[in-house]
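One structure below.
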Amino acid sequence: MTLRILAAALVAAGPALAEPTVPDFAAADFTAPAENPYFPLAPGDPRVLAAEGVDADGERFTERFEQTNIGPGPVLLGVQTMIQRDRAFEDGVLVEETLDYYAADSAGNVWYFGEDVVNYVYDAAGALVGTNAHSSWRSGVDGAMPGWIMPADPAVGLEYYQEIAKANDALDQARIHALGTSVEIDGIGRLDDVLVTYETSALDPDLREFKYYAPGIGLIRADEGLSPALDDPALIFTPRPGAAN
């Protein structure tokens, strides 16, 4: 796999977010949703990203997730949401299936209204023994409120909450880390004007990720398990066209 960052090198600004913006939901207008090029919500084919790694025992493993925009979802806080289904696999085994609820406002901010999660639990022999809904949340329930998954006017250094659901252990935050980056990926080619976010959580400061978004496409890469210096990712997820189940 060939993947190169061609421009706008990612210079670490430190893992902690100072004072992330709490997006003003009361001021948002959802009467005429405007498309955000970095986070399209129109239904379409699955987008598959995968990564390979080596565990503590030296065994190789693969992880993969499939994201599919599938159409209208529930009305939350009076807003019609759109569903993005996210399925996560480890060595080909389904471990999590999530329905994420998003909506764009008239300015082009994409809001994250919640998620319904099914986590699949397996025994040591690989047999399914149960499921749970850990980390599920919906805006308007138990004090939860929506945050931005993608702002309309990104600027380097902008920090914001993506989800505000403390009762459900969901307080993810993001910072616009770079704009105008170019990325080249096997099977796709060079992608320009890429936006990079740094993501963490107020509840888990050891969570450190970069995510890369291309205009008109959306997520094209995810670097997970970054070091405190924001380098040396444990896993790098990149597109795998045609790999959906």
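Observations
- Of the residues making up the range 51-77, those that are under 30 Å from ASP29 (Cβ atoms) and touching a residue at least 12 places away in the same chain (Cβ under 8 Å) are GLN67, THR68, ASN69, ILE70, GLY71, GLY73, PRO74, LEU76, LEU77.
- Screening the range 86-122 for residues that are hydrophobic (A, V, I, L, M, F, W, C), in contact with a strand residue (DSSP E or B) (Cβ under 9 Å, 6 or more places away or on another chain) and over 21 Å from LEU171 (Cβ atoms) and picking the one that is surrounded by the most Cβ atoms within 10 Å (Cβ to Cβ) gives ALA104.
- Qualifying residue in the range 144-159 (condition: touching a helix residue (DSSP H, G or I) at 6+ places or on another chain (Cβ under 8 Å), part of a loop (DSSP other than H, G, I, E, B) and of a type outside the set (D, E, K, R)): yes
- Condition broken by PRO215, with the remaining ones in (1) crowded, with 20+ Cβ neighbours inside 10 Å; (2) more than 18 Å from ASP86 (Cβ to Cβ) satisfied: (1)
- Screening the range 163-235 for strands (runs of 3 or more DSSP E) wholly inside it with 3 or more residues that are farther than 24 Å from PRO43 by Cβ returns the ranges 172-185, 189-201.
- Restricting the range 28-62 to residues that are closer than 17 Å to PRO241 by Cβ and of a type in the set (D, E, K, R), the residue that is surrounded by the most Cβ atoms within 10 Å (Cβ to Cβ): ARG47
- Of the residues screened, GLY92 is not one that is over 17 Å from the mean Cα position of the chain (by Cα) and closer than 20 Å to LEU219 by Cα.
- Residue within the range 151-170 that is more than 23 Å from ALA88 (Cα to Cα), surrounded by 13 or more Cβ atoms within 10 Å (Cβ to Cβ), modelled with pLDDT under 90 and not acidic (Asp, Glu) present: no
- Positions within the range 199-219 being closer than 23 Å to ASN69 by Cα and in contact (Cβ under 8 Å) with a residue 60 or more places away in the chain, in sequence order: PHE210, TYR213, ALA214, PRO215, GLY216, ILE217, GLY218, LEU219
- Residue match in the range 40-59 (condition: in contact with a Phe, Trp or Tyr (Cβ under 9 Å, 6 or more places away or on another chain), of a type in the set (Val, Ile, Thr) and at pLDDT below 95): yes
- Scanning the range 124-133 for residues that are in a loop (DSSP other than H, G, I, E, B) and either more than 21 Å from the chain's Cα centre (by Cα) or in contact (Cβ under 8 Å) with a residue 24 or more places away in the chain (or both) gives ALA124, ALA125, GLY126, ALA127.
- In the range 68-85, residue farthest from the chain's Cα centre (by Cα) [restricted to those that are surrounded by fewer than 18 Cβ atoms within 10 Å (Cβ to Cβ) and within 30 Å of GLY126 (Cβ to Cβ)]: ILE70
The values are calculated or read from the model by the stated rules, or taken from the named source; none is laboratory data. Model, not experiment: these values are computed from the prediction. Cβ coordinates were reconstructed from backbone atoms using ideal geometry, including for glycine residues, and neighbour counts include every protein chain displayed.
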